[in-house]
Amino acid sequence: MMETPLPKAPEKRQVTAIIFLLLLWEAGSATIKYSVLEERNSGSFVANLAKDLGLGVGELAARGARILSKGNKQYLQLERKSGNLLLKEKLDREELCGDIDPCILHFQMLLKNPVQFIQGELQLQDVNDHAPEFLENEILLKISEGSHPGTSFPLKIAQDLDVGSNTVQNYSISTNSYFHLFTRNHSDGKKYPELVLDQALDREEQPQLRLTLTALDGGSPPRIGTSQVLIVIVDINDNVPEFAQRRYEVQVPENTPIGSLVITVSARDLDAGTHGELSYSFFQYSNQIIQALDFEEIQSYHMEVEASDGGGLSGKCTVAIEVMDINDNAPELTMSLLISDILENSPETVVAVFGILDPDSGNNGKMMCSIQDHLPFLLKPTLENFYTLLTEGALDRESRAEYNITITVTDLGTPRLKTDYNITVRVSDVNDNAPAFTQTSYTLFVRENNSPALHIGSVSATDRDSGTNAQVTYSLLPPQNPHLPLASLVSINTDNGHLFALRSLDYEALQAFEFRVGATDRGSPALSSEALVRVTAPRPAPSWCPGRPSRATW
Ligand SMILES: *[C@@H]1O[C@H](CO)[C@@H](O)[C@H](O)[C@H]1NC(C)=O
Ligand SMILES: *[C@@H]1O[C@H](CO)[C@@H](O)[C@H](O)[C@H]1NC(C)=O
Ligand SMILES: *[C@@H]1O[C@H](CO)[C@@H](O)[C@H](O)[C@H]1NC(C)=O
Ligand SMILES: *[C@@H]1O[C@H](CO)[C@@H](O)[C@H](O)[C@H]1NC(C)=O
């Protein structure tokens, strides 16, 4: 007789109508109460009314018993002969009562002879024929990564059309290490799922989680419904910007133009959005940086650069800039002592003492010092970066009286830079040359009868020295023949060596004579030399006409 595949235990209860027969004597009426499971087939037995009401067999038919339902719909039918009350159709509790629990359908039985109304109630019992159902397949939940363990997050509930224990009783969540599920009992009788955080979240490690939420009803076995829960971890500014390097080092040539890129520093921040957006600045700003670099002034810079995120956290790094020397300084020469007049014939003599300087470093500041080749001078290093210029030995003014010396200082940088310093050294004269006659001896001819003070010739001497050392004075030297009256015969101009006859010379008396002339310079001491002068009167011409005496005179 049973068609619905319901569990065995409640079977007896289903077929046995539970009778509440209450006789309300004052109203002269009674209410009979039955209970039946929903979804049973039409024709299913509910109760035997005749028996329950204590009526004899045949009385229901005799008195024309009828079942009246409220409204048009007839749920029940009466077998008058047997007195059995049967379901007229399959009844759906959810359709008839929805959320209302208990679900009670009212009916009346009408009897004639005498007329009698009997009130009846049929309670429709819920069967677990619906599963819990979530309205959304996916529930999106945003949770801040800063949430503390123990915080609970309400989830959306599932619907179950059944009532009582057949509706949603419990929720569970798929196994995970972050959350457990708590099912809260609400005063409305419904169960509300809440996620409870078990351990701190870290968006940077796990930005989202997918869990399965299961709703269970209280049926046996329970029916379930599921929904996906997508948990998006919302960033908090829990990461400090971090530079790729704690310390950056860079070398920059000192001639780098203003505005050139020196180095790029970079930091990262694991946070999202503005919490991860970085801006860079100097932690301690120094406006020295926007000046031209000069190795000779500042060799290195240290600065701290700060990266700040949009949430106000910041990180720092150090930048060490080493300025590299460029050979931008030519050597400099500073003359300390310069003697530009040197006496000839002196041994090794100091001409100049000077210092050299190059502010560049390394090879750019190392120097070499030289003068031209083939000069009778030499450079001697004295102290560090000090040199002495000396004559190599005695100089001879008469062979070279002036030297133009170029001192060249070159550094060893790339490119090489050099500095010239020109000095002129003059060699002063020492009276080391005697006057020299142009000839060792001179022969002068006196042809005619000369008149007194006749210019008869000249002698000449030169002196290679200079100045007074070269000024020559001529003189007649005492004759070797003490009888020669030289002083009355000739005179000499002391300045120019011109010789003059002082009287007529008589050939017959004095055919020829000779004497010495001297040349003396005016140097300290004075030097002199001498030459021989021979004066000859020519032999008279042979006599063309005998008897005419010939006579030669000066
Ligand atoms: C509800 O489900 C949880 C597991 O999710 C379980 O531990 C708990 O005992 C259940 N509660 C009831 C009343 O069934
Ligand atoms: C909620 O109610 C059920 C019975 O409906 C009970 O078993 C459970 O312990 C209750 N849970 C809480 C948290 O009170
Ligand atoms: C030295 O230099 C000066 C000036 O340049 C020049 O007049 C002179 O002739 C030079 N002397 C020598 C010996 O080269
Ligand atoms: C030094 O003298 C040389 C040769 O006369 C000349 O080329 C150079 O320019 C001079 N240097 C200086 C600094 O006067």
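Points worth noting:
- Taken over region 60-81, the criterion of being in a loop (DSSP other than H, G, I, E, B), open to solvent by 50 Å² or more (accessible area, probe 1.4 Å) and at negative phi is satisfied by LYS70, ASN72, LYS73, GLN74, ARG80, LYS81.
- Positions within region 407-423 being near ligand 4 (Cβ under 10 Å from one of its atoms) and either more than 48 Å from the chain's Cα centre (by Cα) or acidic (Asp, Glu) (or both), in sequence order: ASP420, ASN422, ILE423
- Residue pairs whose Cβ atoms lie under 8 Å apart, separated by 6 or more positions or on different chains, with the first residue in region 171-192 and within 13 Å of ligand 2 (Cβ to nearest atom) and the second open to solvent by 80 Å² or more (accessible area, probe 1.4 Å) and not in a strand (DSSP E or B), are TYR192/HIS186.
- The condition of being more than 30 Å from ASP325 (Cβ to Cβ) and in a loop (DSSP other than H, G, I, E, B) holds for only one of ASP294, ASP271, that being ASP271.
- Filter pass, GLY225 being part of a strand (DSSP E or B), of a type in the set (Gly, Ala, Ser) and more than 16 Å from ligand 2 (Cβ to nearest atom): yes
- Entry remark, region 47-59: residues being in contact (Cβ under 8 Å) with a residue 24 or more places away in the chain, surrounded by 15 or more Cβ atoms within 10 Å (Cβ to Cβ) and more than 18 Å from LEU122 (Cβ to Cβ) number 1 in total.
- Scanning region 410-427 for residues that are open to solvent by 50 Å² or more (accessible area, probe 1.4 Å) and away from ligand 3 (no atom under 13 Å from the Cβ) gives LEU412, THR414, PRO415, ARG416, LYS418, TYR421.
- Restricting region 369-406 to residues that are without any contact (Cβ under 8 Å) to a residue 24 or more places away in the chain and within 16 Å of ligand 4 (Cβ to nearest atom), the residue that is least open to solvent (accessible area, probe 1.4 Å) is ASN404.
- Flag if ILE139 is in contact with a Lys or Arg (Cβ under 9 Å, 6 or more places away or on another chain) and of a type in the set (Val, Ile, Thr): yes
- Candidate set from region 240-289 (those that are more than 24 Å from GLU205 (Cβ to Cβ) and touching a helix residue (DSSP H, G or I) at 6+ places or on another chain (Cβ under 9 Å)); member that is least open to solvent (accessible area, probe 1.4 Å): VAL262
- Some residue of region 207-224 being crowded, with 18+ Cβ neighbours inside 10 Å, hydroxyl-bearing (Ser, Thr, Tyr) and either modelled with pLDDT of 95 or more or within 26 Å of SER308 (Cβ to Cβ) (or both): yes
- Within region 149-173, being open to solvent by 60 Å² or more (accessible area, probe 1.4 Å) and among the small types (Gly, Ala, Ser) holds for one residue alone: SER165.
- Pair list, Cβ < 7 Å and 6+ apart or interchain, from region 415-432 residues that are closer than 14 Å to ILE356 by Cβ to residues that are open to solvent by 50 Å² or more (accessible area, probe 1.4 Å) and more than 16 Å from ligand 1 (Cβ to nearest atom): THR419/GLU332
- Considering region 513-534, and only residues there that are part of a strand (DSSP E or B) and among the basic types (Lys, Arg), the residue that is surrounded by the fewest Cβ atoms within 10 Å (Cβ to Cβ) turns out to be ARG534.
- In region 315-340, of all residues being under 22 Å from the mean Cα position of the chain (by Cα) and among the β-branched types (Val, Ile, Thr), the one that is most open to solvent (accessible area, probe 1.4 Å) corresponds to ILE326.
- Whichever residue in region 189-202 is more than 48 Å from the chain's Cα centre (by Cα) and open to solvent by less than 80 Å² (accessible area, probe 1.4 Å) and, among such residues, is nearest to ligand 4 (Cβ to nearest atom): GLU194
- Filter pass, ARG40 being under 25 Å from ALA131 (Cβ atoms) and buried (at least 17 other Cβ atoms within 10 Å of the Cβ): yes
The values are calculated or read from the model by the stated rules, or taken from the named source; none is laboratory data. Small disclaimer: the values here were computed from a predicted structure and weren't measured. Heads up, the Cβs are rebuilt from the backbone with ideal geometry, glycines too, and the neighbour counts pull from every protein chain shown. Please note that ligands, DNA and RNA were not included when accessible areas were found on the heavy atoms of the full protein model with its side chains. Shrake-Rupley method; radii C 1.70, N 1.55, O 1.52, S 1.80 Å.
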